[in-house]
1. Taking 0.36 nm per residue of separation and subtracting the Cα-Cα distance, what length does fully extending residue 224 through residue 560 add?
2. Using only the Cα atoms of the stretch 117-235, build the gyration tensor, take square roots of its eigenvalues as a ≥ b ≥ c, and label the shape rounded, prolate or oblate: rounded if a/c is under 1.5, else prolate if a/b is larger than b/c, else oblate.
3. Report the full-extension gain for the segment residue 71 to residue 175: residue separation times 0.36 nm, less the Cα-Cα distance, to one decimal in nm.
4. To the nearest Å, what is the center-to-center distance of the stretch 56-105 and the stretch 108-122, using C-alpha atoms only?
5. FRET efficiency for residue 574 and residue 594, Cβ-Cβ distance as r, R0 = 22 Å, nearest 0.05?
6. Assign one of three labels to the chain, namely rounded, prolate or oblate, based on the Cα gyration tensor with a ≥ b ≥ c the square roots of its eigenvalues; rounded applies when a/c is under 1.5, prolate when it is not and a/b is larger than b/c, and oblate otherwise.
7. So for each of 568-575, 277-284 I average, over its residues, the number of other beta carbons within 10 Å; can you give me the resulting order with the highest mean first?
8. For residue 605 and residue 314, FRET efficiency with R0 = 56 Å and r from the beta-carbon atoms, rounded to 0.05?
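Where a number appears in this text, it was derived from the coordinates with a stated rule and is not lab data. This structure is a prediction, so every number in the text was calculated from the model and none was measured. Cβ: placed from backbone, ideal geometry, glycine included. Neighbour counts: every protein chain shown.
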């Protein structure tokens with residue numbers, strides 16, 4: 001492949017005209033948080049059509065157009081209450097999708113024939129929320145060689161244990177009887193399987209179970225009916241995680257940290273229970289994300305996150321192709337997000353920390369690259385700020401890594417700071433790339449720091465487990481405190497202008513910061529955050545119950561009342577001196593709204609009344625806001641709140 005690509009720029013704006021206005025030096029709230037004009041581009045298997053999510057009726061809906069000439073754009077869904085949260089081509093005519101569920105995380109599966117004159121949305125599997133728990137469906141295997149079926153998991157029979165079904169696309173859900181009569185049960189869960197493993201043919205070949213802290217890896221050879229136990233292990237100890245079958249449908253690719261701290265990718269022989277060839281390891285970093293060529297039946301790449309997203313290629317053709325693409329996009333990260341079945345047509349995404357990106361169509365045969373669309377074309381990228389990796393030592397000598405985004409044209413001295421701890425917290429990490437929140441804050445003159453505190457994922461078992469066992473509000477919070485002090489001590493941050501904001505565990509860390517280190521912060525924004533850890537355990541979604549013992553080991557035993565009280569910010573409201581903003585979705589199944597209402601009541605008992613700008617409870621949202629109007633309201637009020645206390 002020639003090193004230089006021929007680049008053809010094709011205007012796509014005639015399909016969806018955009019209004020223009022005079023350029024302003026400061027993007028609006030809407031500029032950062034309204035729905036992208038185009039997102040989730042996917043080619044049909046034959047490559048003849050392109051499907052995208054695009055705002056129609058102020059909701060994300062599916063639009064298709066012909067790939068050749070990028071013409072005849074047609075909306076195929078027109079939802080006006082919910083966004084489409086995800087979709088995939090099931091075959092050349094039908095798309096299967098899910099809706100945002102209004103926050104309750106009960107996902108139904110739908111399909112639509114995109115070429116029918118009057119395409120109708122058909123519900124394939126219905127979800128349900130009730131006293132017994134959340135019943136929800138998810139795609140497990142698309143069966144690319146069987147265009148009439150897909151394989152799904154559904155926990156309709158047992159909330160805690162999803163079964164596997166072969167689902168005909170020419171079927172529908174009977175809402176009166178809560179069933180699809182054409183669904184074929186292909187793997188009945190005995191009660192403790194949490195993860196299924198299928199081979200490339202869609203045959204069920206393995207499962208991972210959990211009982212308390214004990215896990216088991218079940219396996220069966222091709223064509224066999226009964227599982228045998230391949231491995232037994234303690235779930236927080238060294239382990240092997242099956243990732244995918246190789247194309248012989250015999251050997252496996254696995255991630256393993258046996259005899260090492262970080263996960264590396266190995267070949268594995270399940271018939272002999274033997275760990276084989278080391279495929280890839282990276283010092284101090286976990287690796288586990290595989291990329292395959294289905295057409296050529298081979299592993300082509302493994303991606304991972306170090307300071308920046310990185311990829312190691314195992315296929316010369318792919319390596320040459322990506323090298324050529326990267327030369328066309330200097331200082332951008334380039335990835336293939338969708339392919340036709342023959343892999344000739346490819347959707348290329350190129351973006352960076354200061355660019356929300358652009359999509360292109362790459363024809364591998366013609367060696368041409370055509371500009372398609374940008375998700376956020378209204379953003380002036382010259383106004384955006386760099387996200388830079390940082391690294392320093394915690395008070396007890398642990399190496400901490402994270403990212404700092406400074407306001408554009410800042411000298412990096414004595415700037416106001418927003419501390420933004422991530423959610424999770426275990427196994428999750430912040431990474432480099434375009435972040436609309438950090439860019440929004442930077443545009444308003446605030447620096448943002450995101451630290452991967454102990455307990456975060458991606459840095460090995462020791463680092464993650466350094467956050468286990470009663471470390472919430474203690475060592476984990478110390479890492480966040482040490483981050484702020486590091487930036488103060490090196491002169492970057494004004495110690496009188498620091499606010500903390502986070503969602504989920506980040507919301508917990510916000511309240512822990514305001515209660516355990518009140519002298520550090522001038523304000524705090526708690527977004528769907530845990531305030532009472534005992535309540536977190538008492539209100540676990542029923543389908544999370546198999547993880548209870550693991551969570552107890554990670555967080556702490558809820559029977560230890562003193563520990564629960566020590567860690568829970570709700571019991572330390574008397575220490576709060578900074579203003580607080582509380583944001584909550586009423587249908588949140590993970591961090592139920594009682595976390596927010598109990599905190600509000602406790603503040604009221606102290607004589608602290610929250611204004612309408614400091615209390616946001618949305619009835620149609622869950623664990624984070626999905627609807628455009630709610631996001632815009634949230635960040636508009638957040639902008640006002642921060643300006644009041646940091647400027």
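1. Working: separation 336, 0.36 × 336 = 120.96 nm, distance 4.65 nm.
Gain on extension, residue 224 to residue 560, equals 116.3 nm.
2. On the way: a/c = 2.75, a/b = 1.44, b/c = 1.91.
Oblate, because a/c is 1.5 or more while a/b does not exceed b/c.
3. On the way: separation 104, 0.36 × 104 = 37.44 nm, distance 3.78 nm.
This chain segment gains 33.7 nm when fully extended.
4. The distance from the Cα centre of the stretch 56-105 to that of the stretch 108-122 comes to 10 Å.
5. On the way: r = 20 Å, r/R0 = 0.91.
After rounding to 0.05, the efficiency reads 0.65.
6. Values: a/c = 1.40, a/b = 1.18, b/c = 1.18.
Note, shape of the chain comes out rounded.
7. On the way: 568-575: 18.9, 277-284: 13.5.
Packing proxy ranking, top to bottom: 568-575, 277-284.
8. Numbers: r = 61 Å, r/R0 = 1.09.
For residue 314 and residue 605, the calculated efficiency is 0.40.
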